[in-house]
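Notes follow once the structure below has been shown.
Where a number appears in this text, it was derived from the coordinates with a stated rule and is not lab data. Not measured: the values here are computed from a predicted model. Counting neighbours? That spans all protein chains shown, and the Cβs are built from the backbone with ideal geometry, glycine included.
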Amino acid sequence: MVEEQGRQHPRGGGRHARRRFLTLAAAASAGAFAGMPRAHAEQRRVTPAGFPFTLGVASGDPLPDSVVLWTRLAPRPYEPGSGLPPAAVVPVQWEIARDEHLRDTERTGLAVADARNGYSVHVDVRGLRPGSDYWYRFRTGSWTSPVGRTRTAPPPGATVSRLRVGLASCQQYDEGYFTAHAHLAREELDAVFFVGDYIYENAIDPRAGARELPAGSRLPEVFGHELATLEDYRLRYALAKTDPDLQAAHAAHPWCVTWDDHEVSNNYAAGVPQDGEDAGRFLQRRAAAYQAYWENMPLRRSQAPQGREMRLYRRLRFGTLAQFDVLDTRQYRSDQAYGDGWQYPGPASQDPARTLPGHQQERWLLEGFHASAATWNVVAQQVAFSRRRLTVSGPSRLSMDAWDGYPASRRRVLDGFRARGAGNLVVLSGDSHIHLAMDIKKDFDDLRSPTVGVEILGTSISSNGDGMDKPEDWAALLAANPHMSYYAKRRGYVVLTLTPTHARADYRTLPYVTRPGAPLATEASLVTQAGQPGFHPA
């Protein structure tokens, strides 16, 4: 995708702003490739024959003066190629405005969607006003996209009185409806942090699924096998993104995304697959999955995969109130000890050389703590950070796939956080398909050990189906882990509210997802005070 930096417009009324957008569209249609790289100028230009914005629109990674706008053209989303030629380009106009009717146009521009990048569009709009709401849309040929809303971050160093973000993860299409996203779309939020498992790589069996596949999808050829190729992954994203509730949540808020394992393959570790897959073939599969992930997420062009790797970890700041460190705990980790799963810890898992985020990313995280002047230091990542025992006394199995399988790595992060004098640690997690609220202890084996921060582990959007009000292990898990203050096994998400004095976590739940239309409830609200880490009821 090639982007022409947008034009900035003086403020103007509706007819004039609309005329500017249509004039830009006409000019682009007449000479879309003027001044663009020769590789695109020589490619065949096409206009989609059907509505191309079937996957909706999205925005992401807000900065004080910038935000990413995203869409991907797919007139026939459930077919290989999505109804567009295997080698061509499509000119796409974009517009961003200060009002929801797009009359007060701020900037417009032209992008080129090409087949090589799945006809995706990633526009890094610059020159925006800090801490401001914007609305945006795309156009190609006679087709106009839905309108999305986004918001820039506050100015650097600004005093911010409140920040509200959503935490979501784990949306397996065939295990439930994305109703939680419909509720998420209606929240008043500055951003959504999605911490992994946006898609699942499994073969879909329509006889066993909790929801029907959309009309027009060719199940046996397209969705009836485990993902392996770039086209496979592209089609699975299309399946998820045609969901209207997911589209609504993307259109309502800017998203900050990171992946976990199922965007590639269950519980993979760096270049090591879980199930004995050929290493070379797996790296090719991982590269295809990374490419498809970038194509389908509101990420900047600078984050596109380079060879078989893709740097996803990054840092976002919201004035002096909060610093968000978004991690990637899959691409660089040591292989899981003792064959993965829940195992008794031992010398292999406790080896100091083992790392979950990779040594380079660990150093980057600790350097960020050292430089931070934020009231709240929030780490958005994938798997459970805090200790999770299964038994009250004696040895207990621990998850080798979570930070419990990498205790030396966790210790370095916590020691580094304390040594660098950073304030108020909050860790956001997903993966486990349950709600958990946990105090992060300096030493989880000592109940009197100081509390270093809090962890908010959010449940799934749909994965594992409906869940239950009080699972069978509810009392045992809370007894075995005194640092836990809330545990639930329903679907939903979390709303985190940050202020200069406290952080509040509201755990939203749905009673069911195996049929649409579930109502929303807030099952728990917990607060931690700035300078006094530890959860207590709101």
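Sparse packing (at most 11 other Cβ atoms within 10 Å of the Cβ) combined with a DSSP loop state is found for the following trypsin sites (Lys or Arg not before Pro) in region 407-482: Arg448.
Which shape class, rounded, prolate or oblate, goes with region 237-376 when its Cα gyration tensor gives a ≥ b ≥ c as root eigenvalues, a/c under 1.5 marks rounded, and past that a/b bigger than b/c marks prolate? The shape class here is oblate.
Its DSSP H runs of at least 4 residues, each contributing -39,500 (n - 2.57), put the calculated 222 nm mean residue ellipticity of the chain at -5500 deg cm²/dmol, to the nearest 500. Within the chain, helices built from complete DSSP H runs that reach 24 Å or longer along their own axis (Cα positions) and carry a mean Kyte-Doolittle hydropathy of -0.5 or higher are 14-31.
For a footprinting-style exposure proxy, rank Trp376, Trp474 by other Cβ within 10 Å, fewest first.
In order of increasing Cβ crowding within 10 Å: Trp474, Trp376.
The H on the amide N of Ser132, modeled in the peptide plane, is under 5 Å from the matching H of Thr152, each at least 5 residues off or on a different chain. Charge dipole (Cα centre; +1 on Lys/Arg Cβ, -1 on Asp/Glu Cβ; no other charges) of the chain amounts to roughly 1780 debye. For Ile440, the residues 5 or more places off, or on other chains, whose built amide H falls under 5 Å of its own are Val452, Gly453, Val454, Glu455.
For the chain, just say rounded, prolate or oblate: build the C-alpha gyration tensor, square-root its eigenvalues into a ≥ b ≥ c, call rounded for a/c under 1.5, and beyond that prolate if a/b exceeds b/c, oblate if not. In terms of gyration-tensor shape, prolate.
Simple rule: put +1 on each Lys or Arg Cβ and -1 on each Asp or Glu Cβ in the chain, find the dipole, and look at Leu390, Pro62, Gly467; the Cα lying farthest toward the positive end is Pro62.
Sorting the segments 377-383, 463-469 by their residues' average number of neighbouring beta-carbon atoms within 10 angstrom, most packed first, yields 377-383, 463-469.
Relative contact order for the chain: 14 percent, from Cα pairs under 8 Å spaced at least 6 residues apart, divided by residue count.
Cβ-Cβ distance of Ala538 and Ala475, R₀ of 30 Å, FRET efficiency by 1/(1 + (r/R0)^6): the value works out to about 0.85. Cα centroid separation, region 406-474 to region 264-307: 26 Å. Judged by the gyration tensor of its Cα atoms, with axes a ≥ b ≥ c, region 300-342 is oblate; a/c meets the 1.5 cut and b/c is at least as large as a/b. Taking amide H as placed 1.01 Å from N in the peptide plane, Met400 has its amide H under 5 Å from the amide H of Gly341, Trp342, Gln343, each at least 5 places away in sequence or on another chain. Couplings for region 315-321, taken from phi via the Karplus curve 6.51 cos²θ - 1.76 cosθ + 1.60 with θ = phi - 60°, read 10, 10, 10, 10, x, 8, 6 Hz in order; Gly and Pro are left as x. Averaging the sequence gap over all C-alpha pairs within less than 8 Å and six or more residues apart, then dividing by the number of residues, gives region 61-145 a relative contact order of 38 percent.
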